[in-house]
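Remarks on the structure that follows.
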Amino acid sequence: MDPSYPPAAERYREEIRALLRSHLPAGWSGIGALPPEEARRWAGEWRQVLAANGLLAAAWPAEYGGAGLTAVEQVVLAEELARAGVPAGAPNDAFGIQMVGNTLLRWGTEDQKRYFLPRILSGEHRWCQGYSEPGAGSDLANLSTRAVLDGDEWVLNGQKVWTSAAQSANWIFVLARTDPDVPKHQGITFLLVPMEQPGVEVRPIRMLTGASEFNETFFTDARTDAANVVGGVDRGWAVAMTLLGFERGEAAATNPILFRAELDRLVGLARRRGRTADPLVRQRLADAHARVEIMRYLGLRSLTRFVAGEAPGPEGSVFKVYWSEYHQLVTELAVDLLGADATEPAGRWPTTAFGTDDVGAPDDPASWVGTFLNARAGTIYAGTSQIQRNILGELVLGLPKEPAGRRGTWRELQQAP
Ligand SMILES: Cc1cc2nc3c(=O)[nH]c(=O)nc-3n(C[C@H](O)[C@H](O)[C@H](O)COP(=O)(O)OP(=O)(O)OC[C@H]3O[C@@H](n4cnc5c(N)ncnc54)[C@H](O)[C@@H]3O)c2cc1C
């Protein structure tokens, strides 16, 4: 692990800080401090600033609208945006830029890159992720959404679930079964599907907080152009795995900063509520402090590999388990500090269902309780804690692999043994 930054990276940090100073109003303490309506409007304007400076998809080559940043510059940029409490893009950008955009750069045809990438950056295309299904989550390769070629179009039938941000998306990348008569990891195709058509229906799922950030997505004879295949027909599994690597990447740089800001806010809450003399509260705050420091070093270990251009290793799984379980612990402490106020939470709810509330968020009970409820999902999405521990058991500890289960084609496996 190398916790230092080369001088060129520190110069780049100054450039980003100067850009932030020139755009952020005086007294800025993070987007969370703005009332929700104003925060939405400001985030839209800020997205345009990032796009105009090539910083929305900063790692992309300049010819596709990026800034061609080096790995260490990408890390510095992510850190500075997180520290300033400004978003790195709109909610659908995580799917559009980080996931499908990066995947197209790796697997897409030149025509696909030229068509899709500018539309992602302009915001004309807003993406979501159609991987999980009722019978395919951890065992993703078991998916059963079917796609059949009909002339020059694919016809899709089936159901996806937990589709985050589908309510604001107009394109979805879908893993579909195109050949059921081969083993389950084969015969899967990665398809780009427009959502504004009668064959695609999005039904919101109500979450614990009462918000609906994710959805069920139904395909009934939905259609997409035959050319909207990424990586080849029946060869979508490798594409899907590339994309998951992008899904799990960025947090190593930003989470330690965001969790530190959140913990500082929690210490403030404890002080205001006169709880910092309580030895048990002090012990839990100290424990949280130590965990955020450990998380910072775990993040640096991932980033060291990333900056050196090495493929992500099992440390990504250590990091995912660590931050998601930490977040459940620390938000339980927040609810304990709120006491009875947590039972009927007043004030502003978190503006995102993922991770911490925005930097600068008010100390409202609803912000903490909402974040506590949202943190329950952290150990599920992007690979559950059990699956991460399986990976660690096999790759790090060298424990025996899980039993392989029945063999056969996907169609055979659907039948009872
Ligand atoms: C907030 C949120 C947002 C999401 N957003 C999206 C999205 O945008 N798009 C999308 O496609 N999906 C999304 N997901 C789905 C997510 O990827 C799945 O929930 C996850 O992969 C787990 O799958 P599952 O829910 O089907 O649980 P299952 O796979 O059915 O697992 C149930 C339980 O069994 C355990 N388990 C399963 N297999 C094993 C095993 N082999 N060994 C040990 N334990 C095991 C799991 O750890 C879990 O505890 C989202 C999920 C959440 C919670």
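The values are calculated or read from the model by the stated rules, or taken from the named source; none is laboratory data. The structure displayed is predicted, hence computed values, not measured ones. Here Cβ is always computed from backbone atoms with ideal geometry, including for glycine, and neighbour counts include all displayed protein chains. Please note that ligands, DNA and RNA were not included when accessible areas were found on the heavy atoms of the full protein model with its side chains. Shrake-Rupley method; radii C 1.70, N 1.55, O 1.52, S 1.80 Å.
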Legend entry - Solvent accessible area, Å² - SER122, 1.4 Å probe, full protein context: 80 Å²
Legend entry - Cα shape, the range 186-231, gyration tensor, a/c 1.5 rule: prolate
Legend entry - Length-normalised contact order for the chain - Cα pairs under 8 Å, 6+ apart - percent: 15 percent
Inset, instruction - Divide, for the range 194-269, the radius of gyration over alpha carbons by 2.2 N^0.38 Å, where N is the residue count. - result: 1.69
Legend entry - Antiparallel DSSP beta bridges within the chain, as percent of all bridges there, nearest 5: 85 percent
Inset, instruction - Mind checking the full-extension length gain between LEU329 and ALA346? Use 0.36 nm per residue of separation minus the Cα-Cα distance, one decimal, nm. - result: 3.9 nm
Inset, instruction - Measure out, as a whole number of angstrom, how far apart the alpha-carbon centroids of the range 259-281 and the range 8-35 sit. - result: 26 Å
Inset, instruction - Would you kindly calculate the translational diffusion coefficient of the range 107-170, applying Stokes-Einstein with the Kirkwood radius from alpha carbon pairs, for 20 °C and a viscosity of 1.002 mPa s, and quote it in µm² s⁻¹ without decimals? - result: 154 µm²/s
Inset, instruction - Express in whole angstrom the spacing between the alpha-carbon centres of the range 316-334 and the range 399-416. - result: 32 Å
Legend entry - Helix axis angle, 7-23 relative to the chain longest principal axis, alpha carbon, degrees: 80 degrees
Inset, instruction - Mind checking which aspartates and glutamates have their Cα closer than 17 Å to the Cα of LYS320? Skip sequence neighbours fewer than 8 apart in that chain. - result: GLU247, GLU250, GLU293, GLU394
Legend entry - Area projected by the alpha carbon convex hull of the range 344-417, averaged over all directions, nm²: 9.1 nm²
Legend entry - Shape of the range 143-198, Cα gyration tensor, a/c cut at 1.5: oblate
Inset, instruction - Could you look at the chain and say what percent of its accessible area is carbon and sulfur, using a 1.4 Å probe and all protein chains? - result: 55 percent
Inset, instruction - Please give the per residue accessible area of the chain, computed with a probe of 1.4 Å over protein heavy atoms only, in Å². - result: 47 Å²
Inset, instruction - Using only alpha carbon pairs under 8 Å that are at least six residues apart, calculate the relative contact order of the range 266-373 and give it in whole percent. - result: 22 percent
Inset, instruction - Grab the DSSP H runs of the chain that are 4 residues or longer, score each as -39,500 (n - 2.57), total them, divide by all residues and round the 222 nm result to the nearest 500 deg cm²/dmol. - result: -14000 deg cm²/dmol
Inset, instruction - Give, to the nearest whole percent, the P(r) tail of the range 1-81 beyond 21 angstrom, counting all Cα pairs. - result: 36 percent
Inset, instruction - Run the dipole for the range 91-137 about the Cα centre, Lys and Arg Cβ at +1, Asp and Glu Cβ at -1, nothing else charged, and hand back the magnitude in debye, nearest 20. - result: 100 debye
Legend entry - Span per principal axis, largest first, for the Cα atoms of the chain (Å): 68, 50, 43
Inset, instruction - For the chain, find the longest principal axis of its Cα atoms and tell me its angle to the long axis of helix 71-84, 0 to 90°, nearest 10. - result: 50 degrees
Inset, instruction - For the range 69-121, report the convex hull volume of the alpha-carbon atoms normalised per residue, in Å³, without decimals. - result: 80 Å³
Inset, instruction - May I ask you to work out the translational diffusion coefficient for the range 289-383 at 4 °C, viscosity 1.567 mPa s, via Stokes-Einstein with Rh from the Kirkwood sum over Cα pairs, reported in whole µm²/s? - result: 89 µm²/s
Inset, instruction - Give me the angle, in degrees from 0 to 90, between the Cα long axis of helix 315-338 and the longest principal axis of the Cα atoms of the chain, rounded to the nearest 10. - result: 50 degrees
Legend entry - Relative contact order of the range 84-175, defined on C-alpha pairs under 8 angstrom at six or more residues apart (%): 31 percent
